[in-house]
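Throughout, read-outs are computed from the coordinates displayed, never taken from laboratory work. Here the structure is a predicted model, which is why all the values come from computation and not from measurement. In this analysis, Cβ positions are derived from the backbone assuming ideal geometry, glycine residues included, and neighbour counts consider all displayed protein chains.
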Amino acid sequence: MRKLMFFCAATVAFMLCGCGGGRQSVPDSLYASSRPYTRWWWFASQIEKDDVRDQLVWLRDHGFGGVEIAWIYPMGLDSNTVHPAFLSPEWADGVVYAKRVADSLGLGCDFTYGTLWPFSDVNLPYGDQTRDYFDTVEPARRPYTWDFPREARILNHLDRHAFARYAAKLNAALAEACKGSKSGLFVDSWEVETQYLWTSGFGDTFLLQHGYDIQPYMKRRTLLNPANRRVFYDYMHTLSGFVLREFYEPFAANATVQGAFSRAQCGGAPTDLLTAFSLVDVPESEAILYEPPYSKIVASAATLAGRDVVTAETFTCAYGWTSLRYMGGRGHSPHQGKEQPADLKLICDALFANGVNQIIWHGFPYNKIGDTSNFFYTTCQISTSPYHSLTGNVLKDFNNYMARVSKYMRQGRNYSDVAVYIPLEDSWMGGFYPDSLRKVKVFFWGQYEMRYVNTPVQLKGCQPLWVNEHFLSSASYDGRVLHCGEAAFRSLYCDVQYMEYSALRQLMRLAGQGLPICMAQVPQEPGKVTHKGYSQLLDSLLALPTVGRSLSALHCTPLVEGNNLPDFWCREDGGVYYIFFANPLSQTIEYPLEYCYAFTDRGAVRKITVNHHGKSEPYTLDFNPTQSILLRVDGKGIQSIDLSYTPPRL
């Protein structure tokens, strides 16, 4: 009962603070252009205005819609490189100039909210740094920043007061740059230690929520033992609340106060990811360090929160990566400068088919006019050099293709008939990923990251979207439509091993209103302390006439039917459907991508039926090698939209 009372109180407080579905929808004019952006690496150095203008003009002329400036270490980790102090007036002068030039060229200009990532500061006050339970030094260290070789401390992401002190300095330095066109303030994926993460007040909050003391499990370092997974679930429950309330909420609110907007990758954060992504103005995915279906979490959050734009950091480490210190800090990623646009097209098409509609290249290094010697070690190398692959008309044509698809994928709103309960509780109960899934991506460890979740393949034709308890708690069913946040569904599918008692109560309420629900599994209650009435409530739910154990309970006719359906995404705009079908080969990509993998494609055919406007219409998807397909479907029938792009082999 204490857990339930705390949850209800926290949910009310959360919504009163303007989180989740409570924040106003952000207009899509934040990214008025569908042209790709690029991360623009500013290495610690003297940033010359002529170079800034030259690079921005070049980017405009090669099909870019904007930049995200990222301030990083000196090239080659050369500690003798002369550069202005981070956030100094001289530093700010160059940033303001870049923003003004971008405005004059019709380019957007976003800012990484700090130097490198995660947020850190060489002058961070002691006590504001991130910490684990044992107060060890290592989790707070950040050696590679603009201020290299000075070592920075990573910010405590569980303390909004620490964030406020950090933000005050950033806000002052970026105040002028935030004038003019609206800029995004960006936070990258969660690259903060999560094992035994701790902050002041955590123990008391945990005790209030769960009714027992977590500290014995921390002191003995037994929290991560498989035998204690129910305790670990409770730890994640408490930690998630800290992450949402103390970091993502104030980060988003701060951007609004600065006259900017918030853009965030919440990937890797130890929290309720669907809610976290819904808190920011522009949620961002990443590929292919994250599997493309992961983007459905991001796109679902955007749909539930009424956000029109879903960005993705794209092409990071496409063919793998090398250490930052490789070749004395000047190391290259595999095939850097020789990337194949056809390979990269597979990645972006996979993202489009999982809900992304704005590409952010990773990325473009700052260089002086006539120089191309700077590069970032894990990026695909956009370059002014004629000897590199991603340059000239090759780059421009690829950008034009991505802009064209993005534009269609921003029409209207995301289509979906079926809401799927996201397996958050399962992931928090799951513990460690098996070694078979970590053998390449060794930098992550826990199933809480939800890197491999995907919506059920048997519902693929309905374009299902994820929902969670946070949004279901304020949802209602009117006898025809489930109104959930800013989204509308006709039914709910649940296939989870664990479900919170409070979530089960929401399902009971909605089923009582007549919502069709499929309970593919009979869930258990997670956590160490459980409710005596859980089984009785579950039995009552399963006994309701609107609840079944098979898909027939959903009464759902898929928009698209067919065997071995390719991944697709659909936008509905005033009775018109725009459906993007990714090349089937995109379903097989994995990190690291095999060089020239796209050219193994021999084409494919899929026979489908599109159920639209009261009729069922057969259609044949004929995929030429390296090609994807975009359809326009209205009451008159199905038309193919010519995307007019075939990537060259370089």
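Structural remarks
- Residue by residue, the stretch 207-224 carries 3J(HN,Hα) couplings of 4, 5, 6, 10, x, 8, 8, 7, 5, x, 6, 6, 4, 8, 6, 10, 4, 8 Hz when phi is fed to the Karplus relation 6.51 cos²θ - 1.76 cosθ + 1.60 (θ = phi - 60°); x denotes Gly or Pro.
- Kirkwood-based shape ratio for the stretch 416-554, expressed as Rg/Rh from alpha carbons: 0.99
- Placing unit charges on the Cβ atoms of the charged side chains and taking the dipole of the stretch 369-445 about its Cα centre, the candidate lying farthest along the positive direction among VAL405, CYS380, VAL418 is VAL405.
- A simple charge model with +1 on the Cβ of Lys and Arg, -1 on the Cβ of Asp and Glu and nothing else charged puts the dipole of the chain at about 640 debye relative to its Cα centre.
- Fewest-first ranking of TYR493, TYR619, using other Cβ atoms within 10 Å as the exposure measure: TYR619, TYR493
- Cβ charges +1 (Lys, Arg) and -1 (Asp, Glu), total dipole of the stretch 416-554, debye: 180
- Long-range HN-HN contacts of ARG131 with modeled amide H, under 5 Å: TRP198
- Beyond 28 Å in Cα-Cα separation lie the following of the pairs LYS368/LYS396; LYS296/LYS407; LYS49/LYS169; LYS182/LYS396; LYS49/LYS407: LYS49/LYS407.
- Using the alpha carbons alone, the radius of gyration of the chain stands to its Kirkwood radius in an Rg to Rh ratio of 0.96.
- For the stretch 560-641, the equivalent ellipsoid derived from the Cα gyration tensor has semi-axes of 27, 12, 10 Å, listed largest first.
- The stretch 556-573 and the stretch 290-357 have Cα centres spaced 24 Å apart.
- In a reduced charge model with +1 at each Lys and Arg Cβ and -1 at each Asp and Glu Cβ, the stretch 560-641 shows a dipole moment near 260 debye about its Cα centre.
- Along the axis of the charge dipole computed for the chain (Cβ charges of +1 for Lys and Arg, -1 for Asp and Glu, origin at the Cα centre), the listed residues GLY259, VAL96, VAL122 are led at the positive end by GLY259.
- Dipole of the stretch 2-412, positive end: most advanced residue of TYR290, TYR212, TRP146 [Cβ charges, Cα centre]: TYR212
- Across the chain, Cα pairs under 8 Å and at least six residues apart give a relative contact order of 14 percent.
- Two-decimal ratio, the stretch 432-499, of alpha-carbon radius of gyration to 2.2 N^0.38 Å: 1.45
- Stretchable slack from GLU617 to ASN225, in nm (0.36 nm times residue separation minus alpha-carbon distance): 135.7 nm
- Within the shell of other residues whose beta carbon sits under 10 angstrom from the beta carbon of CYS109, the net charge comes to 0, with Lys and Arg scored +1 and Asp and Glu -1.
- Burial ordering of HIS161, HIS62, HIS210, fewest other beta-carbon atoms within 10 Å first: HIS161, HIS210, HIS62
- Of THR530, THR546, the sequence from fewest to most neighbouring Cβ atoms within 10 angstrom is THR530, THR546.
- Cα centroid separation - the stretch 360-379 against the stretch 461-521, whole Å: 46
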